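Notes to accompany the following structure.
Derivation of every value follows stated rules applied to the coordinates shown; laboratory data play no part. Bear in mind that the values here come from a model prediction, so they are computed numbers and not experimental data. Methodologically, a virtual Cβ is constructed for each residue, glycine included, from the backbone with ideal geometry; neighbour enumeration extends over all protein chains shown.
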Amino acid sequence: MEKEYKPPLDRILEELNRLNPGFPSSLTSDSVQITSPALFTGPGGLTNTRATLALKAGVLDRQYFSGTTLIYYNRLSIARLLLGFKIPGRNTDYANSQAAMTALKAKYQLQISSTDISLVATTNPASLQFITRSDSIGYTGTITLPYEITA
């Protein structure tokens, strides 16, 4: 059975709604945003991220929610998510890691965004390191993946 990959915001909101069945209305990606994710080790190591949940600018329906709140959750490790994957082609096919991530997304139907990844030059003909950006709401960590075709 294939894994279902959902965008990070959808996964987080789905979990917040599940854990808070008393909310008068469900949180949706149309009405809220997550900002300022920061590495954070919660009690017992249960979470790896602290971020701010806020209504999006221009949201008119403030009947149920207002203001901002801190939330704690786990970002996915790209080392676990991409383990065993290979980058299609060779290093000269891509200008940088974001371009290579676009190809990985297409090949493996991933929801990770190229903007979740820091820019790394594709100078090594055998492999490429992917480093998540600190402001990625859904992913953390690094992984080095080989190209399917080398040199």
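Points to keep in mind about this one:
- Within the shell defined by Cβ-Cβ distances under 12 Å, the residues around F85 carry a net charge of +3, with Lys and Arg each +1 and Asp and Glu each -1.
- Rounded tilt (10° steps) of 97-108 against the dominant C-alpha axis of the chain: 80
- Trypsin sites (Lys or Arg not before Pro), loop per DSSP, at most 11 other Cβ atoms within 10 Å - longest free stretch of the chain: 63-151
- Of the residues V120, V59, the one with the fewest other Cβ atoms within 10 Å heads the list, and the complete ranking is V59, V120.
- Think of it as helices only: each DSSP H run of n ≥ 4 in the chain is worth -39500 (n - 2.57), and spread over all residues that comes to -5500 deg cm²/dmol at 222 nm.
- Directionally averaged shadow of the stretch 78-146, computed from the convex hull of its alpha-carbon atoms, nm²: 3.9
- With 5 Å bins from 0: P(r) over the stretch 21-151, alpha-carbon pairs, percent: 2, 10, 17, 18, 14, 13, 10, 8, 5, 3, 1, 0
- L82 long-range amide H proximity, modeled H, under 5 Å: none
- Environment charge at E148 (Cβ cut-off 14 Å; Lys +1, Arg +1, Asp -1, Glu -1): +2
- Lysine-lysine proximity count for the chain, Cα under 17 Å, sequence distance 8 or more or distinct chains: 6
- The charge dipole of the stretch 8-74, taken about its Cα centre with unit charges on the Cβ atoms of Lys, Arg (+1), Asp and Glu (-1) only, comes to about 160 debye.
- 11 Å beta-carbon shell around S113, net charge (K/R +1, D/E -1): +1
- Of the residues G42, Y64, S26, the one whose Cα sits farthest towards the positive end of the charge dipole of the stretch 8-74 is G42 (charges of +1 on Lys and Arg Cβ, -1 on Asp and Glu Cβ, taken about the Cα centre).
- If you run the Gaussian network model on the chain, springs between alpha carbon atoms under 10 Å, then out of G44, G84, G22 the most flexible one is G44.
- 5 angstrom amide H check on T144, placed H, neighbours 5+ away: F130
- Nearest 10 degrees, 0 to 90: helix 8-19 Cα axis against the chain principal axis: 40
- Interchain or long-range residues, amide H under 5 Å from G89's placed H: E148, I149
- Part-to-part distance (alpha-carbon centres) for the stretch 1-58 and the stretch 66-139, which is given in Å: 20
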